[in-house]
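The values are calculated or read from the model by the stated rules, or taken from the named source; none is laboratory data. Keep in mind that this is a model prediction, so the values were computed, not measured. Because the Cβ atoms are built from the backbone with ideal geometry, glycine has one as well, and the counts that use them run over all protein chains shown. Side chains are part of the model used for accessible areas, which takes the heavy atoms of the whole protein and leaves out ligands, DNA and RNA. Shrake-Rupley method; radii C 1.70, N 1.55, O 1.52, S 1.80 Å.
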Amino acid sequence: MFIIVATKGSLKWVSGVFQAEDAAGQYMDLIPDELKGYQQFIQIENITYPFYIIERQESPFRFLGKDGVIALLDKTDVSEDEDEVHFNIYTVDSDYRPKKPGTDYMGILRHDHVANESIEMYREEGTAFLIERRIL
């Protein structure tokens, strides 16, 4: 999988996801010069659609398959802060390319904000909860 990740100060986003390297390269060429300096082209081995992008504050993105997501949820404990979002999980089913190359449109990806309530529901219902929430 070929992924274009951007970092601008404390902001970070995924600018594109592609199964084919040539498609990723062509998309990278469309990114305006003023945004190109923030983009990084990475290759993730041994991952196919669907896969998941894990976003945590002040951490790099993680790219996981189904088993990795389940393992992450298994080891995530509820916190004392009921409003804390432990992480965001984005489901990527196919190539992703924002209409404006190089920009942050990750909100259009199917995603969920994993907070204590999600962890508690997962502990009660297992993967059925993840399927119902359209995470898996």
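Among the candidates Arg110, Arg134, Arg62, single out the residue that is on the phi > 0 side of the Ramachandran plot and under 15 Å from the mean Cα position of the chain (by Cα).
On inspection, the qualifying residue turns out to be Arg134.
Between Ser94, Ser79, which is within 13 Å of the chain's Cα centre (by Cα) and either within 28 Å of Ile131 (Cα to Cα) or open to solvent by less than 90 Å² (accessible area, probe 1.4 Å) (or both)?
Residue meeting the stated conditions: Ser94.
Going through the range 106-136 one residue at a time, which ones are without any contact (Cβ under 8 Å) to a residue 12 or more places away in the chain and outside any helix (DSSP H, G or I)?
The answer is Gly126, and nothing else.
Which residues, taken from the range 28-58, are hydroxyl-bearing (Ser, Thr, Tyr) and farther than 15 Å from Met106 by Cβ?
Selection gives Thr48, Tyr49.
Read through the list (1) within 17 Å of Met1 (Cα to Cα); (2) within 13 Å of the chain's Cα centre (by Cα); (3) open to solvent by 80 Å² or more (accessible area, probe 1.4 Å); (4) in contact (Cβ under 8 Å) with a residue 40 or more places away in the chain, then give the number of the only condition that Thr48 fails.
Among (1) within 17 Å of Met1 (Cα to Cα); (2) within 13 Å of the chain's Cα centre (by Cα); (3) open to solvent by 80 Å² or more (accessible area, probe 1.4 Å); (4) in contact (Cβ under 8 Å) with a residue 40 or more places away in the chain, the lone unmet condition for Thr48 is (2).
I'd like to know if the range 113-134 contains one or more residues that are closer than 28 Å to Met28 by Cα, surrounded by 14 or more Cβ atoms within 10 Å (Cβ to Cβ) and touching a helix residue (DSSP H, G or I) at 6+ places or on another chain (Cβ under 9 Å).
No, the range 113-134 contains no residue that is closer than 28 Å to Met28 by Cα, surrounded by 14 or more Cβ atoms within 10 Å (Cβ to Cβ) and touching a helix residue (DSSP H, G or I) at 6+ places or on another chain (Cβ under 9 Å).
Can you name the residue in the range 56-75 that is part of a helix (DSSP H, G or I) and small (Gly, Ala, Ser) and is also most open to solvent (accessible area, probe 1.4 Å) among such residues?
Out of the qualifying residues, it is Ala71.
What number of residues within the range 11-44 satisfy the criterion of being open to solvent by 90 Å² or more (accessible area, probe 1.4 Å) and free of Cβ contacts under 8 Å to residues at least 24 places away in the same chain?
The qualifying residues number 6.
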